Amino acid sequence: MKTLQNDLKTAFALVLGAAVAITLITADGFRAKAQDVVASLLWDTAGFVRERSTAVATFPTSQTLTGVSLVGAALAEKGPRWAITSNPAAGSQASASIAAESGVRHVADCVSFSAGSTTAPTLTALKVNLRDGATGAGTVIRTWQLIIPAATGQNVAPFELCGLNLAGTTNTAMTLEFSASLANLIQAVSLSGFNVQ
């Protein structure tokens, strides 16, 4: 039996070229027949490692500065999505929040916001905050600073950003909101994402 270590290219050539029994050994000592493991090996920029899953307890949150690489975890389509919006009447704060779910982390994928007015608001600085928590509470994981002009029309041009993949904390709500209401200003926010367990 021929043993290959972290050389998938040679393993494919041998498997395709002849009926030879091959055992692959990854850097962590994982052994398996090539035909059983080739599909579950992942390239980690240094060699092939076996595919692993990650538990929700060890999945890094978006505010963690260390350990953000999921070595050996396969990248896959995100699956079913949720979407929430808030577009209250003029002079009210827009705040869209997805409730906490047991054993689940919400992952923000897309945000969008805008604001306008038919009667001029006061010149004001506001923020749009993405929170790992309920409305007005929890860690701010992303923020956008806005200056609202004292004019009518589209005070904040529609803004949309996707591909964020910012994971919140287990059993915690997630919220996208303007930092405050402003007389005469019509605010709108939308947040979409997916859940991991």
query: Once amide H atoms are placed 1.01 Å from N in the peptide plane, what residues at a sequence separation of 5 or more from N155, or on another chain, have their amide H within under 5 Å of its amide H?
result: A115, G116, S117
task: Using the Karplus curve 6.51 cos²θ - 1.76 cosθ + 1.60 with θ = phi - 60°, work out ³J(HN,Hα) for each residue of the range 87-94 in order, rounded to whole Hz, and write x for Gly and Pro.
output: 8, x, 5, 3, x, 10, 7, 7
field: Residue-by-residue Karplus 3J(HN,Hα) for the range 139-154, coefficients 6.51, -1.76, 1.60, Hz, glycine and proline x
entry: 5, 7, 9, 8, 9, 10, 8, 10, 10, 8, x, 7, 8, 8, x, 7
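Just the number: Rg to Rh for the range 107-153, Cα atoms, Kirkwood Rh, two decimals.
On the way: Rg = 13.1 Å, Rh = 12.4 Å.
Taking Rh as the inverse mean 1/r over Cα pairs, Rg/Rh reads 1.06.
Could you please report the charge total around A137, scoring K, R as +1 and D, E as -1 over all other residues with beta-carbon less than 12 angstrom from its beta-carbon? List each step's numbers first, then the result.
Numbers: positive: R131; negative: D132, E177.
So the environment of A137 carries a net charge of -1.
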query: According to the Kirkwood expression over distinct Cα-Cα pairs, how big is the hydrodynamic radius of the range 146-197, in Å?
result: 13.9
message: As an exercise, identify the trypsin sites (Lys or Arg not before Pro) in the range 76-157 lying in DSSP coil whose Cβ has no more than 15 other Cβ atoms within 10 Å.
response: K78, R81
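Work out, in µm²/s and without decimals, the Stokes-Einstein translational diffusion coefficient of the range 82-196 at 37 °C, 0.692 mPa s, Rh from Kirkwood over C-alpha pairs.
So the translational diffusion coefficient is about 233 µm²/s.
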Leading residue at positive end of dipole, the range 82-196 (Cβ point charges), from T119, A96, I84: T119
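Computed from the coordinates by the stated procedures, all read-outs in this text should not be read as laboratory data. Just so we're clear, the structure is a prediction, and the values are computed from it rather than from any experiment. Cβ coordinates were reconstructed from backbone atoms using ideal geometry, including for glycine residues, and neighbour counts include every protein chain displayed.
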